[in-house]
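The values are calculated or read from the model by the stated rules, or taken from the named source; none is laboratory data. Small disclaimer: the values here were computed from a predicted structure and weren't measured. When we count neighbours, we look across all protein chains shown, and the Cβ atoms used for this are built from the backbone with ideal geometry, even at glycine. Please note that ligands, DNA and RNA were not included when accessible areas were found on the heavy atoms of the full protein model with its side chains. Shrake-Rupley method; radii C 1.70, N 1.55, O 1.52, S 1.80 Å.
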Amino acid sequence: MDLNTLDNYCIETTQSEPDLLIELVEKTYSDMGYPNKLSGKIVGRTLKLLSTIKQPKRALEIGMFTGYSALSIAEGMPEDGKLICCETNPRAIEFAQSFFNRSPNGHKITPIFGPALDTIQDLEGPFDFVFIDADKRNYLNYYEAVLPLVAPGGLIIIDNSIWQGRVLDPVEASDIAVNDLNRLIAHDNRVENVHLNVRDGLNLVVKR
């Protein structure tokens, strides 16, 4: 079985994202560096679906990039929901905001410039929904920083949790950090989780 063919089949048989998100993807690839940072359709629609189910009033994203995942989360949130996004690239914030301004869900999103760990220190909980998709070396730090701010029953979603398979033989600092977080979560009695082999991995965590 060709896994790439199977991945494409799953993409084709998942309902399409809004036209604005398709445009965002195209413009990210044409105008921005490292477009592979985009979450992609399967992860984006998963975020939207989980947000629709959870209906978070307060959500947090660590690592916004050009806003694809933020708009996906906001799409499923209630009209009065608020999503705070941490991002260190001012050009990415400007790019994302231009799409937030055109989206019916953009008013729910507030980007904050600066290192996420600094931003988190100034935030007050509770959050119902957290998406972590920033620098991998800090994954364990992000998890420990946000967990106290998450409401019981709140959802934490960790992207790139299989890190292109590098977690199987971790060598570099980023490989080790992602693997350490996955191993910790599997034995963390503060949470429940399921680790999914979706795209580059999604670790779904619910706070007890």
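Say each of ASN101 and LEU184 gets a label point 7 Å from the Cα, pointing the same way as Cα to Cβ; how far apart are those two points in nm?
My value for the distance between the label points is 3.9 nm.
Could you check the spin-label model distance between GLU94 and TYR9? Points 7 Å from the Cα along Cα→Cβ, value in nm.
Computed distance between label sites GLU94 and TYR9 equals 4.5 nm.
If you take every DSSP beta bridge fully contained in the chain, what fraction is antiparallel? Give it as a percent rounded to 5.
Looking only at bridges with both residues in the chain, the antiparallel portion is about 35 percent.
Run the numbers on the chain and let me know its relative contact order in percent, using alpha-carbon pairs under 8 Å that are six or more apart. Present the calculation step by step, with values, prior to reporting the outcome.
On the way: 361 pairs, mean separation 33.0, N = 208.
Reported as a whole number, the value is 16 percent.
Explain nothing, just the number: dipole magnitude of the chain about its Cα centre with +1 on each Lys and Arg Cβ and -1 on each Asp and Glu Cβ, in debye rounded to the nearest 20.
420 debye
State the Cα centre-to-centre distance between region 18-66 and region 125-195 in whole Å.
That distance is 19 Å.
Apply the a/c threshold of 1.5 to the C-alpha gyration tensor of the chain and tell me whether it is rounded, prolate or oblate.
Note, shape of the chain comes out rounded.
For ALA151 and THR52, calculate 0.36 nm times their separation in residues minus their Cα-Cα distance, and state this gained length in nm to one decimal. Before the final figure, lay out each step's value.
Values: separation 99, 0.36 × 99 = 35.64 nm, distance 1.73 nm.
Length gained between ALA151 and THR52: 33.9 nm.
Would you please name the trypsin sites (Lys or Arg not before Pro) within region 70-124 that are DSSP coil residues with at most 13 other C-beta atoms within 10 Å of their C-beta?
Details: sites: LYS82, ARG91, ARG102, LYS108; in loops: ARG102.
Here the sparse-neighbourhood loop sites are ARG102.
So if each residue of separation counts as 0.36 nm, and I subtract the Cα-Cα distance between ILE22 and GLN121, what length gain in nm does that give?
Length gained, ILE22 through GLN121: 32.2 nm.
Can you bin region 107-173 into rounded, prolate or oblate? Criterion: square roots of the alpha carbon gyration tensor eigenvalues sorted a ≥ b ≥ c, rounded for a/c under 1.5, prolate for a/b above b/c, oblate for the rest.
It is prolate, given that a/c is not under 1.5 and a/b is the larger ratio.
Using alpha carbons only, what's the Rg to Rh ratio of region 44-88 with Rh from Kirkwood?
We get a ratio of 0.94 for region 44-88.
Whenever you get a sec, compute what percent of the accessible area on the chain sits on carbon and sulfur atoms (1.4 Å probe).
53 percent
Run the paramagnetic zone check for VAL206: 7 angstrom along Cα to Cβ, then residues of region 26-66 with backbone nitrogen under 17 Å.
47, 49-57
Which loop GluC sites (Glu not before Pro) in region 25-107, with loop taken from DSSP, have no more than 14 other Cβ atoms within 10 angstrom of their Cβ?
Those that pass, being in a loop and sparsely packed, are GLU79.
For ASN36 and ASN197 in one chain, what is 0.36 nm times their gap in residues minus the Cα-Cα distance, to one decimal in nm?
56.2 nm
Counting only heavy atoms of the protein chains, get the accessible area per residue of the chain (1.4 Å probe) and round it to a whole Å² value.
Values: 10470 Å² over 208 residues.
Heavy-atom accessible area per residue stands at 50 Å².
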